[in-house]
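To keep things clear, I will list the structure first and then write my remarks on it.
The values are calculated or read from the model by the stated rules, or taken from the named source; none is laboratory data. Owing to the predicted nature of the structure, the values given are computational and were not obtained by experimental measurement. With ideal geometry, Cβ positions are generated from the backbone for all residues, glycine too; neighbour counts draw on all protein chains shown. Accessible surface is based on the protein model in full, side chains and every heavy atom, while ligands, DNA and RNA are left aside. Shrake-Rupley method; radii C 1.70, N 1.55, O 1.52, S 1.80 Å.
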Amino acid sequence: MCGIIGYIGKRNASELVFHGLKRLEYRGYDSWGIAAKLENGIFAKKAVGAIGDAEQSVPQAKIAIGHTRWATHGNVSEINAHPHFCCRKSIAVVHNGIIENYVELRKELERLGHEFVSDTDTEVIAHLIEEFLKNGYTFEHALCETVKKLEGSYAIVMLNKEEDRLYFAKKDSPLCIGIAEHGIFLASDPIAFLEHTNKIIFLDDKEFGYAASKPKIFDINGNEKEKKIITVEWKLEEAEKAGYEHYMEKEIHEQRETIIRAVSHEKRKIEKIAELIDNAFGVFLIGSGSSYYACLASSYIFSKIAKKHVNVVDASEFGYYKHFLTPKTLVVAVSQSGETADVLDAVKKAKEKNAKILAITNVISSTLARVSDYLLPMQAGPEICVLSTKTYTSQLALLTLLAYTLAGRYEEGKEKIIKAARHVEEILSQENRKYLEKLAEILKDEEHVFCIGRGVSYALALEAALKIKEVTYIHAEGFSGGFLKHGTIALIEDGTPCIVFAPKDETYREIISNAQEVKARGGIIIGISPENHEVFDYWINVPDLKEATAIVSIIPIQYLAYRMAKLKGYNPDKPRNLAKSVTVK
């Protein structure tokens, strides 16, 4: 979840690391810190809060590391902010991940005389290396032995005041190396250094090493490895706000283009993926959060269009289904970042059963992309806001196209999806935005919001509730229209808002009936539908695009949630307690 960066080279490392951390802030913004190697030792600065509001105040240096934190072990405080140090303050460490056996390691180190100052799991790394150094190990060998003792996940970057090197190690958390003309970067995400280089080495699990004039990489047994340098095609301007106040607003508006890009793969590639699905003996769609809801929505579309049964499982629960897996099973793993810990853990369990893996991800250089047998990129470009918007609709567009292709209707499916994309501009017209802004004024102070739908729209109701609660902190819940009256309708009282997804499909009459049940108990009905109805107190007009309607019906709720957050004074790009890439389980 946290963001880490390091630099060694000819430029001012303190400044490069500071600005790189600002680009990584989406990964965590509880606190931040930087350490720089100076002639007389290591200078460190830590602060609570988001680095985006801070000014650079670290002395010039040629080597520096930095960290922006999403708290796991230890509360949010300056003491718990990274970097962390050994007893002699000669080693500084930044870390993303969770050391699961840190309690045992800490007790062992305390018995050996080490004194800890923080409540974090990370601090044990610095002390472990210090202990090995005391016993005559080289720093390289000490790092190798240290990571062998660590259980859990880690991306580690560290500096040692005695050497002009940056050391690093990786397991189950993202870490890459940027090769610039003026120096070497290490970071959780290439976005941190993309303005300087797009030449990147992506590290694999259980690799460690150091960077000086060039990187040296070793496996866990200390054998040196040759790694391929990859040229990443993302451009920095794609990760900028481009005149919008927030990334969330920009990314909502980008969906006209990103939905089209999602389905712009060569026809034969889509057909080959569809054949994989058709020939598999058991298909599982897995994801977390919005990606899971995209999988759930698409399962209805596979059923209706392709007459194909697919299983949909929350990635964090997938391991409990592993007994069904065989070498003939296809697992379709859907993840924006390709670094989601729950998804990667599920893929690992599937591979243990020799199941085949298809990755649908936005980051083609991610761990998920590299460990999968097949890859279908979303092609949405960088998504910086913590909330998923354009990548959710890209996932749904891709999965919808696969369902149509499986039914032998590729051209029809692609045409419908592109038609849906062309309606995004209309949905987000100035007139419609003003209507949604007025509705946001009405809803912003509510304590509860309910969302209902049937079929594909049930999954949309779940995603709509997630968007609202993620960014506004209002309690929101999504239900199938039929489930609402099996208990939850007891919570409806005068003035309770209920968002109703009512596309003109086979679910229309029944969901309207459910809306009337809510209204009869005092609920306020907000209808999302191609057609107004007398039961609606407020009507959000969306086009009737048949099976592609679901792709665009969520967009008004994305914008509504964005406006509600703004009115409540919250930063929609950085909702509390959340981070973009969930790299811990």
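Computed values, structure above
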quantity: Residue identified as open to solvent by less than 30 Å² (accessible area, probe 1.4 Å), closer than 26 Å to CYS295 by Cβ, touching a Ser or Thr at 6+ places or on another chain (Cβ under 6 Å) and in contact (Cβ under 8 Å) with a residue 12 or more places away in the chain among ILE528, ILE499; calculated: ILE528
quantity: Candidate set: segment 18-38, residues that are open to solvent by less than 30 Å² (accessible area, probe 1.4 Å), among the hydrophobic types (A, V, I, L, M, F, W, C) and over 22 Å from the mean Cα position of the chain (by Cα); chosen: the one modelled with the lowest pLDDT; calculated: PHE18
quantity: Complete set of residues in segment 194-220 that are in contact (Cβ under 8 Å) with a residue 40 or more places away in the chain and more than 20 Å from VAL93 (Cβ to Cβ); calculated: LEU194, GLU195, HIS196, ILE200, PHE202, ASP204
quantity: Hits in segment 363-386 - residues which are at pLDDT below 90 and over 19 Å from ALA187 (Cα atoms); calculated: GLN379, ALA380
quantity: Exclusive hit being open to solvent by 10 Å² or more (accessible area, probe 1.4 Å) and over 19 Å from LYS269 (Cβ atoms), set ILE384, ILE418, ILE364; calculated: ILE384
quantity: Residue in segment 199-211 that is surrounded by fewer than 20 Cβ atoms within 10 Å (Cβ to Cβ), closer than 13 Å to LYS228 by Cα, over 20 Å from the mean Cα position of the chain (by Cα) and not aliphatic (A, V, I, L, M) present; calculated: yes
quantity: Any pair with Cβ under 7 angstrom, 6 or more apart, that starts in segment 511-523 at a residue that is closer than 17 Å to HIS448 by Cβ and ends at one that is surrounded by fewer than 14 Cβ atoms within 10 Å (Cβ to Cβ); calculated: GLY522/GLU493; GLY522/ASP494; GLY522/GLY495
quantity: Options LYS485, LYS444; residue that is basic (Lys, Arg), free of Cβ contacts under 8 Å to residues at least 40 places away in the same chain and open to solvent by 20 Å² or more (accessible area, probe 1.4 Å); calculated: LYS485
quantity: Flag for ILE474 being open to solvent by less than 30 Å² (accessible area, probe 1.4 Å) and farther than 19 Å from TYR538 by Cα; calculated: yes
quantity: Pick from segment 1-17, criterion farther than 19 Å from GLU55 by Cβ and among the β-branched types (Val, Ile, Thr), ranking: modelled with the highest pLDDT; calculated: ILE8
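Conditions tested, residue by residue: (1) open to solvent by less than 10 Å² (accessible area, probe 1.4 Å); (2) out of contact with any Cys (no Cβ under 6 Å at 6 or more places or on another chain); (3) in a loop (DSSP other than H, G, I, E, B); (4) farther than 16 Å from LEU159 by Cα.
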position: GLY66; (1), (2), (3), (4): yes, yes, no, no
position: ASN75; (1), (2), (3), (4): no, yes, yes, yes
position: ARG88; (1), (2), (3), (4): no, yes, yes, no
position: ARG106; (1), (2), (3), (4): no, yes, no, yes
position: VAL117; (1), (2), (3), (4): no, yes, yes, yes
